[in-house]
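Novice: Handing you this structure, nothing more for now.
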Amino acid sequence: MNSMASTSDKILDIAQSLIVAGGYNGFSYADISAAIGIRKASIHHHFPTKAELVAVLVDRYRQQAEAGLKFLQERSSDPSEQLQSYLGFWEKCIRDASLPVCVCAMLASEMQMLPEEVASRVRTHFQSLAAWLTSLLKEGAEQDLFRLSRRPEDEAQALMASVHGAMLSARAFGDPALFITIANAQIAKLQAPAR
(Lines give C-alpha, C1' and ligand atoms only; values in the text may rest on other atoms or scores of the structure.)
Protein backbone atom coordinates (compact mmCIF):
# COMPACT_ATOMS: atom_id res chain seq x y z
CA MET A 1 0.00 0.00 0.00
CA ASN A 2 1.31 3.46 -0.86
CA SER A 3 2.56 5.29 2.25
CA MET A 4 1.36 8.55 0.70
CA ALA A 5 -2.18 7.21 0.33
CA SER A 6 -4.84 9.07 2.24
CA THR A 7 -6.64 7.40 5.12
CA SER A 8 -9.75 7.17 2.92
CA ASP A 9 -7.75 5.41 0.21
CA LYS A 10 -6.24 3.01 2.73
CA ILE A 11 -9.71 2.20 4.06
CA LEU A 12 -10.97 1.59 0.51
CA ASP A 13 -7.94 -0.59 -0.34
CA ILE A 14 -8.46 -2.77 2.73
CA ALA A 15 -12.23 -2.95 2.14
CA GLN A 16 -11.58 -4.07 -1.44
CA SER A 17 -9.24 -6.86 -0.34
CA LEU A 18 -11.76 -7.95 2.30
CA ILE A 19 -14.61 -8.00 -0.24
CA VAL A 20 -12.51 -10.04 -2.66
CA ALA A 21 -11.77 -12.48 0.18
CA GLY A 22 -15.26 -12.78 1.64
CA GLY A 23 -17.84 -10.53 0.02
CA TYR A 24 -19.94 -7.70 1.40
CA ASN A 25 -21.10 -9.57 4.46
CA GLY A 26 -17.65 -11.06 5.10
CA PHE A 27 -16.11 -7.98 6.70
CA SER A 28 -16.78 -5.30 9.26
CA TYR A 29 -15.29 -1.98 10.29
CA ALA A 30 -13.49 -3.89 13.05
CA ASP A 31 -11.61 -5.85 10.35
CA ILE A 32 -10.57 -2.62 8.63
CA SER A 33 -9.61 -1.07 11.97
CA ALA A 34 -7.35 -4.02 12.79
CA ALA A 35 -5.74 -4.01 9.34
CA ILE A 36 -4.95 -0.30 9.27
CA GLY A 37 -4.48 0.34 12.96
CA ILE A 38 -7.07 3.08 13.32
CA ARG A 39 -10.17 3.26 15.48
CA LYS A 40 -13.57 2.30 14.08
CA ALA A 41 -14.73 5.85 14.87
CA SER A 42 -12.12 7.14 12.42
CA ILE A 43 -13.49 4.86 9.71
CA HIS A 44 -17.03 6.12 10.44
CA HIS A 45 -15.70 9.67 10.09
CA HIS A 46 -14.68 8.93 6.50
CA PHE A 47 -17.53 6.55 5.67
CA PRO A 48 -20.51 6.86 8.04
CA THR A 49 -22.03 3.54 6.87
CA LYS A 50 -20.75 0.33 5.36
CA ALA A 51 -23.11 0.83 2.40
CA GLU A 52 -21.58 4.25 1.74
CA LEU A 53 -18.06 2.82 1.98
CA VAL A 54 -18.80 0.03 -0.51
CA ALA A 55 -20.68 2.39 -2.85
CA VAL A 56 -17.63 4.67 -2.99
CA LEU A 57 -15.42 1.62 -3.47
CA VAL A 58 -17.51 0.36 -6.40
CA ASP A 59 -17.45 3.84 -7.98
CA ARG A 60 -13.65 3.90 -7.67
CA TYR A 61 -13.36 0.35 -9.02
CA ARG A 62 -15.60 1.16 -11.98
CA GLN A 63 -13.59 4.30 -12.80
CA GLN A 64 -10.37 2.26 -12.70
CA ALA A 65 -11.92 -0.43 -14.92
CA GLU A 66 -13.18 2.11 -17.44
CA ALA A 67 -9.75 3.80 -17.51
CA GLY A 68 -8.16 0.40 -18.10
CA LEU A 69 -10.51 -0.40 -20.98
CA LYS A 70 -9.87 3.03 -22.49
CA PHE A 71 -6.13 2.36 -22.24
CA LEU A 72 -6.58 -0.93 -24.11
CA GLN A 73 -8.44 0.90 -26.89
CA GLU A 74 -5.76 3.58 -27.12
CA ARG A 75 -2.94 1.03 -27.16
CA SER A 76 -4.38 -1.03 -30.00
CA SER A 77 -7.14 -0.56 -32.55
CA ASP A 78 -7.32 -4.33 -33.09
CA PRO A 79 -10.37 -5.74 -31.24
CA SER A 80 -8.73 -9.16 -30.98
CA GLU A 81 -5.64 -7.66 -29.31
CA GLN A 82 -7.82 -5.61 -26.96
CA LEU A 83 -9.71 -8.73 -25.92
CA GLN A 84 -6.48 -10.68 -25.39
CA SER A 85 -5.08 -7.79 -23.30
CA TYR A 86 -8.25 -7.72 -21.21
CA LEU A 87 -7.94 -11.45 -20.53
CA GLY A 88 -4.20 -11.06 -19.94
CA PHE A 89 -4.90 -8.44 -17.28
CA TRP A 90 -7.16 -10.85 -15.40
CA GLU A 91 -4.79 -13.76 -15.91
CA LYS A 92 -2.00 -11.75 -14.25
CA CYS A 93 -4.25 -10.59 -11.40
CA ILE A 94 -5.39 -14.15 -10.72
CA ARG A 95 -1.91 -15.65 -11.05
CA ASP A 96 -0.23 -13.15 -8.69
CA ALA A 97 -3.32 -12.97 -6.44
CA SER A 98 -3.31 -9.16 -6.61
CA LEU A 99 -7.00 -9.24 -7.58
CA PRO A 100 -8.04 -12.89 -7.81
CA VAL A 101 -11.66 -12.07 -8.63
CA CYS A 102 -13.56 -9.04 -9.89
CA VAL A 103 -14.88 -6.98 -6.96
CA CYS A 104 -18.21 -6.48 -8.69
CA ALA A 105 -18.52 -10.20 -9.49
CA MET A 106 -17.99 -10.94 -5.83
CA LEU A 107 -20.62 -8.38 -4.85
CA ALA A 108 -23.02 -9.63 -7.53
CA SER A 109 -23.00 -13.04 -5.85
CA GLU A 110 -24.69 -11.29 -2.90
CA MET A 111 -26.93 -9.01 -4.96
CA GLN A 112 -30.15 -9.88 -3.12
CA MET A 113 -28.58 -8.84 0.20
CA LEU A 114 -26.83 -5.65 -0.93
CA PRO A 115 -28.17 -2.21 -0.07
CA GLU A 116 -29.66 -0.64 -3.22
CA GLU A 117 -27.01 2.10 -3.35
CA VAL A 118 -24.39 -0.64 -3.75
CA ALA A 119 -26.46 -2.98 -5.96
CA SER A 120 -27.23 -0.19 -8.46
CA ARG A 121 -23.53 0.59 -8.80
CA VAL A 122 -22.68 -3.08 -9.34
CA ARG A 123 -25.31 -3.24 -12.10
CA THR A 124 -23.84 -0.10 -13.68
CA HIS A 125 -20.39 -1.72 -13.71
CA PHE A 126 -21.71 -4.78 -15.53
CA GLN A 127 -23.72 -2.65 -17.96
CA SER A 128 -20.58 -0.65 -18.77
CA LEU A 129 -18.46 -3.78 -19.24
CA ALA A 130 -21.15 -5.41 -21.39
CA ALA A 131 -21.34 -2.28 -23.57
CA TRP A 132 -17.56 -2.31 -24.06
CA LEU A 133 -17.53 -6.01 -24.94
CA THR A 134 -20.49 -5.56 -27.30
CA SER A 135 -18.72 -2.73 -29.11
CA LEU A 136 -15.51 -4.75 -29.28
CA LEU A 137 -17.27 -7.82 -30.68
CA LYS A 138 -19.22 -5.75 -33.23
CA GLU A 139 -16.03 -4.10 -34.41
CA GLY A 140 -14.21 -7.44 -34.52
CA ALA A 141 -17.03 -9.00 -36.56
CA GLU A 142 -16.97 -6.07 -38.99
CA GLN A 143 -13.21 -6.61 -39.42
CA ASP A 144 -13.80 -10.34 -39.90
CA LEU A 145 -11.80 -11.15 -36.73
CA PHE A 146 -14.73 -12.69 -34.85
CA ARG A 147 -17.53 -14.97 -36.02
CA LEU A 148 -20.62 -14.25 -33.98
CA SER A 149 -23.38 -16.83 -33.91
CA ARG A 150 -25.74 -14.49 -32.01
CA ARG A 151 -26.33 -10.79 -31.62
CA PRO A 152 -23.18 -8.99 -30.36
CA GLU A 153 -25.05 -8.09 -27.15
CA ASP A 154 -25.77 -11.76 -26.47
CA GLU A 155 -22.20 -12.82 -27.30
CA ALA A 156 -20.91 -10.08 -24.96
CA GLN A 157 -23.09 -11.36 -22.11
CA ALA A 158 -21.87 -14.93 -22.72
CA LEU A 159 -18.25 -13.80 -22.82
CA MET A 160 -18.65 -11.74 -19.66
CA ALA A 161 -20.24 -14.69 -17.86
CA SER A 162 -17.45 -16.99 -19.06
CA VAL A 163 -14.72 -14.64 -17.84
CA HIS A 164 -16.29 -14.23 -14.40
CA GLY A 165 -17.10 -17.93 -14.19
CA ALA A 166 -13.49 -18.73 -15.09
CA MET A 167 -12.36 -16.53 -12.18
CA LEU A 168 -14.56 -18.51 -9.82
CA SER A 169 -13.41 -21.86 -11.21
CA ALA A 170 -9.76 -20.86 -10.83
CA ARG A 171 -10.51 -19.87 -7.24
CA ALA A 172 -12.56 -22.98 -6.45
CA PHE A 173 -9.89 -25.34 -7.75
CA GLY A 174 -6.94 -23.28 -6.52
CA ASP A 175 -5.59 -23.34 -10.07
CA PRO A 176 -4.90 -19.90 -11.61
CA ALA A 177 -4.09 -21.52 -14.98
CA LEU A 178 -7.69 -22.71 -15.20
CA PHE A 179 -8.80 -19.12 -15.82
CA ILE A 180 -6.94 -18.75 -19.10
CA THR A 181 -7.83 -22.30 -20.18
CA ILE A 182 -11.54 -21.46 -19.91
CA ALA A 183 -11.19 -17.94 -21.32
CA ASN A 184 -9.14 -19.12 -24.30
CA ALA A 185 -11.78 -21.74 -25.11
CA GLN A 186 -14.37 -18.96 -25.29
CA ILE A 187 -12.12 -16.86 -27.54
CA ALA A 188 -11.50 -19.86 -29.79
CA LYS A 189 -15.28 -20.15 -30.31
CA LEU A 190 -15.42 -16.49 -31.36
CA GLN A 191 -12.56 -16.97 -33.80
CA ALA A 192 -13.87 -20.22 -35.27
CA PRO A 193 -15.57 -20.07 -38.66
CA ALA A 194 -19.34 -19.60 -38.48
CA ARG A 195 -21.40 -22.71 -39.23
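The values are calculated or read from the model by the stated rules, or taken from the named source; none is laboratory data. What you are looking at is a predicted structure, and each value in this text was computed from that prediction instead of being measured. Glycine also receives a Cβ, built like all others from the backbone with ideal geometry; neighbour counts cover every protein chain displayed.
Novice: Could you tell me whether the range 137-148 includes any residue that is of a type outside the set (A, V, I, L, M), at negative phi, under 19 Å from the mean Cα position of the chain (by Cα) and at pLDDT 95 or above?
Specialist: Quick first cut of the range 137-148, residues of a type outside the set (A, V, I, L, M) only: 138-140, 142-144, 146-147.
Applying the additional criterion that residues be at negative phi yields 138-140, 142-143, 146-147.
Those still in the list that are under 19 Å from the mean Cα position of the chain (by Cα) too: none.
No.
Novice: Residue check: is F89 of a type in the set (A, V, I, L, M, F, W, C), touching a Gly at 6+ places or on another chain (Cβ under 8 Å) and not in a helix (DSSP H, G or I)?
Specialist: No.
Novice: In addition: Only one residue in L69, L99 is more than 12 Å from I11 (Cα to Cα) and either assigned to a loop (DSSP other than H, G, I, E, B) or at pLDDT below 95 (or both), so which one is that?
Specialist: Just one listed residue meets the conditions, L99.
Okay, residues lined up against (1) in contact (Cβ under 8 Å) with a residue 60 or more places away in the chain; (2) out of contact with any Gly (no Cβ under 8 Å at 6 or more places or on another chain); (3) not in a loop (DSSP other than H, G, I, E, B):
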position	(1), (2), (3)
L18	no, no, yes
N25	yes, yes, yes
A30	no, yes, yes
H45	no, yes, yes
A51	yes, yes, yes
L57	no, yes, yes
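Novice: Would you mind telling me which numbered condition in (1) assigned to a loop (DSSP other than H, G, I, E, B); (2) at pLDDT 95 or above; (3) of a type outside the set (V, I, T) A35 fails?
Specialist: A35 satisfies all of (1) assigned to a loop (DSSP other than H, G, I, E, B); (2) at pLDDT 95 or above; (3) of a type outside the set (V, I, T) except (1).
Novice: While we're on this one: Could you tell me whether the range 107-122 includes any residue that is among the basic types (K, R) and farther than 22 Å from S8 by Cα? Write out each step before concluding.
Specialist: Of the range 107-122, the ones among the basic types (K, R) are 121.
Cutting the leftovers down to farther than 22 Å from S8 by Cα gives us none.
Checked the range 107-122: no residue is among the basic types (K, R) and farther than 22 Å from S8 by Cα.
Novice: Could you run through the range 152-195 and say how many residues are crowded, with 17+ Cβ neighbours inside 10 Å and at positive phi?
Specialist: Number satisfying all stated conditions: 0.
Novice: Looking only at residues that are under 19 Å from L53 (Cβ atoms) and touching a Phe, Trp or Tyr at 6+ places or on another chain (Cβ under 8 Å) in the range 108-151, which one is surrounded by the most Cβ atoms within 10 Å (Cβ to Cβ)?
Specialist: V118
Novice: Taking the range 63-96, which residues are in contact (Cβ under 8 Å) with a residue 24 or more places away in the chain and more than 15 Å from A166 (Cβ to Cβ)?
Specialist: Passing the criteria: A65, E66, L69, D78, P79, S80, Q82.
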